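The values are calculated or read from the model by the stated rules, or taken from the named source; none is laboratory data. Keep in mind the model is a prediction, meaning the values are calculated, not measured. Cβ atoms come from the backbone with ideal geometry, glycine included; neighbour counts cover every protein chain shown.
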Amino acid sequence: MKRLFFAFALSSIAIGVHAKDWSAIRFGVDPTYPPFESKDTSGKLTGFEIDIGNEICARLHAKCVWVENDFDGMIPGLKARKFDAILSGMSISPQRANQIAFTDKLWNSSLSLVARKGSNVLPTAASLKGKTVGVQQGTVGETYAKQHWAPNGVTVVPYQNQDQVYADLTVGRLDALLIGDVQAQIGFLQTPRGVGFAFVGDKIVDPASDKGAAIGMRKEDTELREKVNKAISDMRKDGTYDRIDNSYFTFDVYGS
């Protein structure tokens, strides 16, 4: 009888160790990236991914907790268990996939160069030689610019958040910025501070970051990832995703 009780106790402890209560999900977010995540005039988080995250939590009967974090510290913060998932415009890339796991795709965007109208620069190393290009730290734009442009005489300047990149571009400290086209169009070019600027050249084809953006998670949290993937799939099927999409975009951001 004592052996049976001891075995039962051990199994109960094991279940307690491995089971995870997902009644609350903590999302890491950098709210400087409209229309995906930003703050309104009252300081409330708003944006496409905020709405997606809140809908996921509702379907999982969980409380959404939003933890603000600089983008370049997202993966370290996730690994340190500062939050449970990254929902902040994180593109899927092989470099990141070596460290964390990703859910199914949420949306897609292409890298584009933004500069002042009439500047005659193009998104090539030859055209940008001697120029200064701003990028947000930790983004696929930073990785691309440092790999393809910096070795060829282009000065690549990383910033802690996207608002800082926009600010230095508008006052002339930068010749251009490299960013996702959706973010640039809605979060900058269509705003008052984006007047006088435009996309230059063609979109950049980067095989290392063309699989779209998704939610980043720790590799061991397979149960949560499966639950979130099911919620995303159900949202796609029942029209909820399209409803959220249409409230922010005039095109299908999932397949853009």
* Structure fact -> Only unsatisfied item for K63, checking (1) under 22 Å from N229 (Cα atoms); (2) crowded, with 17+ Cβ neighbours inside 10 Å; (3) among the charged types (D, E, K, R), is (2)
* Please report, ordered by residue number, the helices (runs of 4 or more DSSP H) entirely within the stretch 122-213 with at least 2 residues that are crowded, with 21+ Cβ neighbours inside 10 Å. => 140-148, 162-170, 181-184
* Take F188 and decide whether it is touching a Gly at 6+ places or on another chain (Cβ under 7 Å) and more than 22 Å from I86 (Cα to Cα). => yes
* Return the only residue of P31, P76 being part of a loop (DSSP other than H, G, I, E, B) and closer than 20 Å to N161 by Cβ. => P31
* Structure fact -> Within the stretch 214-224, of all residues that are in a loop (DSSP other than H, G, I, E, B) and among the acidic types (D, E), the one surrounded by the most Cβ atoms within 10 Å (Cβ to Cβ) is D221
* Return a yes/no flag: does the stretch 62-73 have any residue that is over 28 Å from V195 (Cβ atoms), among the basic types (K, R), at pLDDT 95 or above and not assigned by TED's automatic domain parsing to the domain that holds V29. => no
* **Unique match (being modelled with pLDDT of 95 or more and on the phi > 0 side of the Ramachandran plot) among G216, G201, G194, G141** => G201
* Can you pull out the residues in the stretch 199-256 that are of a type in the set (S, T, Y) and in contact with a helix residue (DSSP H, G or I) (Cβ under 8 Å, 6 or more places away or on another chain)? -> S209, T240, Y241, S247, Y248, Y254, S256
* **The listed residue being at pLDDT below 95, under 13 Å from the mean Cα position of the chain (by Cα), surrounded by 12 or more Cβ atoms within 10 Å (Cβ to Cβ) and under 26 Å from D163 (Cα atoms), out of S38, S88, S93** => S93
* Structure fact -> Given the conditions (1) in a loop (DSSP other than H, G, I, E, B); (2) touching a helix residue (DSSP H, G or I) at 6+ places or on another chain (Cβ under 8 Å); (3) without any contact (Cβ under 8 Å) to a residue 40 or more places away in the chain, every one holds for G118 apart from (2)
